[in-house]
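Before any comments, here is the structure.
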Amino acid sequence: MLEGKTAIVTGSTGGIGLGIAKALAGAGARVMLNGLGDPAEIEALRSGIAQSTGVEVGFQGADMQRSGEIAELVSATARVWGSVDILVNNAGIQHVAPIEDFPEERWDAIMSVNLSSAFHSIRHALPLMRRNNWGRIINIASAHGLVASTHKAAYVAAKHGIVGLTKVVALETAQTRITCNAICPGWVLTPLVQKQIDVMAAREGLSAQSARQQLLLEKQPSGEFATPEEIGALAVFLCSPAANQIRGASLSIDGGWTAQ
Ligand code: NAD
C-alpha cells in the first residue's frame, strides 16, 4: 500500500517508534529511522527491518533537542529518497516529580523533545509534502495529551501541546491531500514505562509483576498494555486512503483510560 512512499519516524530505535517503523516498512514504505543508542545495535535493527520487509531502511541520528539537526534529518531524507511523504513525530522522554521539585533542566528537555521537535520537523517536511500534494503527519501524543496525572507537569503540558499543534496543522492543510493526526496511547510496556514500574516497585516494596499490575490498574481499565504493533497498525491505517478525511483527530489506544 505504501510502496514508493518515504517515511521518517523519530525516536524509532526502540519502543513504540520501532513498532511504527516496522509497520510502515511492512506496508512498503522506505523508512528513515532516528534515535539514540548503540551504533552496532541500531545497525542490526536497520538491516533486520530491511531484510525482513525488502524495503530500503536508513538511519539518521539527529538529536531531537536540536533544531538544526532536525532540519538536517528532513533534508538528508529528501536528498537520499527524493521526498518525505510520512512524518511520525514519536521521540519522547519522561520525568516524574512534584512540580515544586521538578528540575528546570528536565522541563526544558521534555518540552524540546516531546513538543518543539514536532514543530521543527513539520515546518521542514510540510513544503516537501505540499510539492506532491500528499502527506501524512502523525504525532504520537498520549492519554496525557487528553487528561492529566500528578507529578508529570512537563510531560502532560507537552502532550496537551502536541494535540493542539496537531489541530493547527490539520486546519492549515485541510484543503490539501496532507493530513495531520495524533495517536494517544495509554500504557505501552517500553523502556520509558519500565523505568516508572521500577521506581514504583522500589518505593512500595513490590515485585516487578505486582508493580506492573498496580500501574495498569490505576489507569487502564482493560488491565492490559497496548502494544507497539497496535500503534504501528493504526499509523498504517492513517496512511491509507480510508483515512483521507481523518484530520486533526486524537485517536486513543488506551484500554479505556480516557473513557473514565
Ligand atoms: P522509549 O523510551 O522506549 O523510546 C523513545 C525513543 O525516543 C527511543 O528511540 C529514543 O532513542 C528516542 N529519543 C529519546 N530522546 C531523543 C532525542 N533527544 N533525540 C532523538 N531520539 C530520542 O519510549 P516509548 O514508550 O516508545 O515512547 C515513544 C513515544 O510514545 C513518546 O513520545 C512517548 O511519550 C509516547 N507514549 C508512550 C507511552 C507508553 O506507555 N510507553 C504512552 C503514551 C505515549
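Restricting L45, L115, L2, L18 to residues that are within 17 Å of R136 (Cα to Cα) and out of contact with any Phe, Trp or Tyr (no Cβ under 6 Å at 6 or more places or on another chain) narrows the list to L2.
So is S121 closer than 22 Å to E72 by Cα, out of contact with any Cys (no Cβ under 8 Å at 6 or more places or on another chain) and assigned by TED's automatic domain parsing to the domain that holds Q94 or not?
On the way: closer than 22 Å to E72 by Cα: yes; out of contact with any Cys (no Cβ under 8 Å at 6 or more places or on another chain): yes; assigned by TED's automatic domain parsing to the domain that holds Q94: yes.
Here the answer is yes, as S121 does meet what is asked.
For the range 130-159, the set of residues classified as surrounded by fewer than 24 Cβ atoms within 10 Å (Cβ to Cβ) and more than 17 Å from V96 (Cβ to Cβ) consists of R130, R131, N132, N133, W134, L146, listed by residue number.
Counting only helices (runs of 4 or more DSSP H) that fall entirely inside the range 180-260 and contain at least 3 residues that are more than 18 Å from the chain's Cα centre (by Cα) and farther than 29 Å from I137 by Cα, the qualifying elements are 191-204, 208-219. In summary, T176 fulfils each of the numbered conditions (1) over 21 Å from L18 (Cα atoms); (2) open to solvent by less than 10 Å² (accessible area, probe 1.4 Å); (3) not hydrophobic (A, V, I, L, M, F, W, C) with the single exception of condition (2).
Residue-level analysis places A202 among those that are small (G, A, S) and open to solvent by 70 Å² or more (accessible area, probe 1.4 Å).
Being open to solvent by less than 30 Å² (accessible area, probe 1.4 Å), under 19 Å from E69 (Cβ atoms) and away from the ligand (no atom under 13 Å from the Cβ) is the requirement here; does A170 meet it? Show your work before the answer.
Working: open to solvent by less than 30 Å² (accessible area, probe 1.4 Å): yes; under 19 Å from E69 (Cβ atoms): no; away from the ligand (no atom under 13 Å from the Cβ): yes.
For A170, the condition - open to solvent by less than 30 Å² (accessible area, probe 1.4 Å), under 19 Å from E69 (Cβ atoms) and away from the ligand (no atom under 13 Å from the Cβ) - is not met.
For Q51, the criteria (1) in contact with a helix residue (DSSP H, G or I) (Cβ under 6 Å, 6 or more places away or on another chain); (2) open to solvent by 30 Å² or more (accessible area, probe 1.4 Å); (3) among the polar types (S, T, N, Q); (4) over 21 Å from A182 (Cβ atoms) hold in every case but one, which is (1). Look at (1) hydrophobic (A, V, I, L, M, F, W, C); (2) farther than 22 Å from P228 by Cβ; (3) more than 12 Å from the ligand (Cβ to nearest atom); (4) open to solvent by less than 10 Å² (accessible area, probe 1.4 Å) and you find that A109 fails only one, number (3). The residue of the range 61-72 that is farthest from the ligand (Cβ to nearest atom), among those that are within 16 Å of the chain's Cα centre (by Cα) and surrounded by 16 or more Cβ atoms within 10 Å (Cβ to Cβ), is I70. Taking the listed residues G248, G232, G223, the one that is open to solvent by less than 60 Å² (accessible area, probe 1.4 Å), away from the ligand (no atom under 12 Å from the Cβ) and touching a residue at least 40 places away in the same chain (Cβ under 8 Å) is G248, with no other qualifying.
Just to check your reading of the model, which residue among Q213, Q194 is without any contact (Cβ under 8 Å) to a residue 24 or more places away in the chain and within 12 Å of the ligand (Cβ to nearest atom)?
On the way: Q213 fails: within 12 Å of the ligand (Cβ to nearest atom).
When all the criteria are applied, what remains is Q194.
Of everything listed in (1) away from the ligand (no atom under 14 Å from the Cβ); (2) crowded, with 24+ Cβ neighbours inside 10 Å; (3) within 17 Å of S252 (Cβ to Cβ), the single unmet condition for G164 is (2). Could you tell me whether the range 84-99 includes any residue that is surrounded by fewer than 19 Cβ atoms within 10 Å (Cβ to Cβ), at pLDDT 95 or above and not in a loop (DSSP other than H, G, I, E, B)? Yes, the range 84-99 contains a residue that is surrounded by fewer than 19 Cβ atoms within 10 Å (Cβ to Cβ), at pLDDT 95 or above and not in a loop (DSSP other than H, G, I, E, B).
The values are calculated or read from the model by the stated rules, or taken from the named source; none is laboratory data. Worth saying up front: this structure is predicted, and the values here are computed from it rather than measured. Backbone-built Cβ (ideal geometry, glycine too); neighbour counts: all protein chains shown. Accessible surface is based on the protein model in full, side chains and every heavy atom, while ligands, DNA and RNA are left aside. Shrake-Rupley method; radii C 1.70, N 1.55, O 1.52, S 1.80 Å.
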